[in-house]
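First comes the structure, then the notes that go with it.
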Amino acid sequence: MPEKNKELPKVMPTMRAAVWYGPGRENFRLEQVNRPDLNAGEVIIKVQKCFFSAMHVRAVLVGHPKHQPPEIFGRMLAGEVVAVGADVTGIKEGMRVTVNPERPCGECFYCQVGELGHCINPTTLPSGGMAEYVCVPAALVGGIFELPPEIPYEEGAYAETLACIVQAMDLSNIASSDCVVIVGDGGVGLTFVQLARLQGATKIIFAGKHDDSLQQGLALGAFHAVNIKHESLRDVVMQETQGYGADVVIEAVGSGETYEQALTMLRCGGTAVGFGGTPPGTKFPGDPNLIHYRSLKIYGSYRYIPDHFRRALDLICTKQIDLRPIITHYVPFSNLTTDAVDIHQQPDCRALVIDFAKEFS
Ligand SMILES: [Zn+2]
């Protein structure tokens, strides 16, 4: 191992990290923890930007069934490579990078049946990006990607969310000139608008409850924006499709009500994609008559596979989508544990980025 790598732990044996000890704001704390060691096949990234998502809000306030404390959150990150193990090739110190935080094992039941996104034994980051440094284990080093100089760190860090959206777009199978309904006007919905447009949809109906977001959707390529507080989305869809219904409906809210509604707005043979996550036990009545007699295709879309991540990052790095209206809020790392939940809950917050650069400038 090169001398420089050996010296790193001595230079700075600890780092600051936001550690989650379970539900309750007081259990989300900024502390000094051991800095990760570097082994021969690994890479250490100094985090510059990391997303704080709705999942983190939920974990901090009430806990999350998929997470057990203590944990350092943060899968969507980007930063600068500061140490490279002796066995690593192609990655250099000083590179601006993001990393795919998960790699399927390729051997388990789900990998064998082609459902890589549901891998039972994936390799994941041992510790997340809500810390000054992250160690990328050897199995994930192949998922480190350099960012072009003109791409901000936060846009590179958005690749994981975009990878999930790319998968949902594949399932939606949107064809040129399709009528596509996107329900949910958060940052994810605004991303769907842009991808549907890229895929050739000409009649994108964008629905939500926030006028500013809906206006933004129109600017990004939506054909019609519907504030569901004032207008019946189904009525609009039927008017715009001569009463047939939409080719595709994407649910990006995560409520039983919108899942139910999605089925009622489709043409015969139309496709519904359930992207929004709901709490366990959420129910909706759902009319099987519609599913059968209208030959509806219904897909759930959760997570992504490595190919989706690469395609997502390519969309970002080639500036095919505009993330500026989506990444709306920032919180300095030093204020993360005290302020992030409140900022994320502001009605105009579409995506919240933890900013490490402000810390050290
Ligand atoms: Zn697997």
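Numerical summary
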{"read-out": "Which of Gln261, Pro148, Leu233, positive extreme of dipole for the chain (C-beta unit charges)", "value": "Gln261"}
{"read-out": "Which of Tyr293, Leu220, Cys108, positive extreme of dipole for the chain (C-beta unit charges)", "value": "Cys108"}
{"read-out": "Under the Karplus curve 6.51 cos²θ - 1.76 cosθ + 1.60, θ = phi - 60°, whole-Hz ³J(HN,Hα) for the stretch 300-310, x wherever Gly or Pro sits", "value": "x, 10, 9, 6, 6, 10, x, 4, 4, 4, 5"}
{"read-out": "Three-way shape label, the stretch 34-181, alpha-carbon gyration tensor, a/c 1.5", "value": "rounded"}
{"read-out": "Gyration tensor over alpha-carbon atoms, the chain, equivalent ellipsoid semi-axes in Å", "value": "38, 21, 19"}
{"read-out": "Net charge dipole size for the stretch 165-300 [Lys, Arg +1 and Asp, Glu -1 on Cβ; Debye, nearest 20]", "value": "200"}
{"read-out": "Ranked Lys283, Lys49, Lys209, Lys203, criterion: other C-beta atoms within 10 Å, fewest first", "value": "Lys283, Lys209, Lys203, Lys49"}
{"read-out": "5 Å binning of all Cα-Cα separations within the stretch 165-300, expressed as whole percents from 0 upward", "value": "2, 12, 23, 26, 23, 11, 3, 0"}
{"read-out": "Distance violations [Cα-Cα > 31 Å] among Lys283/Lys319; Lys49/Lys283; Lys46/Lys209; Lys49/Lys203; Lys229/Lys319; Lys46/Lys66", "value": "Lys283/Lys319; Lys49/Lys283; Lys46/Lys209; Lys49/Lys203; Lys229/Lys319"}
{"read-out": "Amide N proximity, the stretch 172-196 versus Tyr244 label position 7 Å along Cα-to-Cβ, cut-off under 18 Å", "value": "173-182"}
{"read-out": "Electrostatic dipole magnitude of the stretch 226-335 [Cβ: Lys, Arg +1; Asp, Glu -1; Cα centre; debye, to 20]", "value": "300"}
{"read-out": "Given charges at beta-carbon only (K, R positive; D, E negative), |dipole| of the chain in Debye", "value": "180"}
{"read-out": "From phi via Karplus (6.51, -1.76, 1.60), per-residue ³J(HN,Hα) for the stretch 71-84 in Hz, x at Gly/Pro", "value": "8, 9, 6, x, 8, 9, 9, 8, x, 10, 5, 10, 7, 10"}
{"read-out": "Cβ-Cβ FRET estimate between Glu231 and Asn335, R0 fixed at 25 Å, reported to 0.05", "value": "0.05"}
{"read-out": "Zone residues, the stretch 68-104, relative to Arg29, backbone N less than 17 Å from point 7 Å out along Cα-to-Cβ", "value": "69-73"}
{"read-out": "Cys105-Ala357 pseudo-label distance in nm [points 7 Å out on the Cα-to-Cβ vector]", "value": "4.0"}
{"read-out": "FRET efficiency estimate (nearest 0.05) - Cβ-Cβ, Thr264 to Gln346, R0 22 angstrom", "value": "0.10"}
{"read-out": "Neighbourhood net charge (11 Å Cβ-Cβ; Lys/Arg +1, Asp/Glu -1) for Lys319", "value": "-3"}
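Values in this text are rule-based calculations from the coordinates and carry no lab data. Predicted model, so just to flag it, every value in this text is computed and none were measured. No Cβ is skipped: glycine too gets one built from the backbone with ideal geometry, and neighbour counts run over all protein chains shown.
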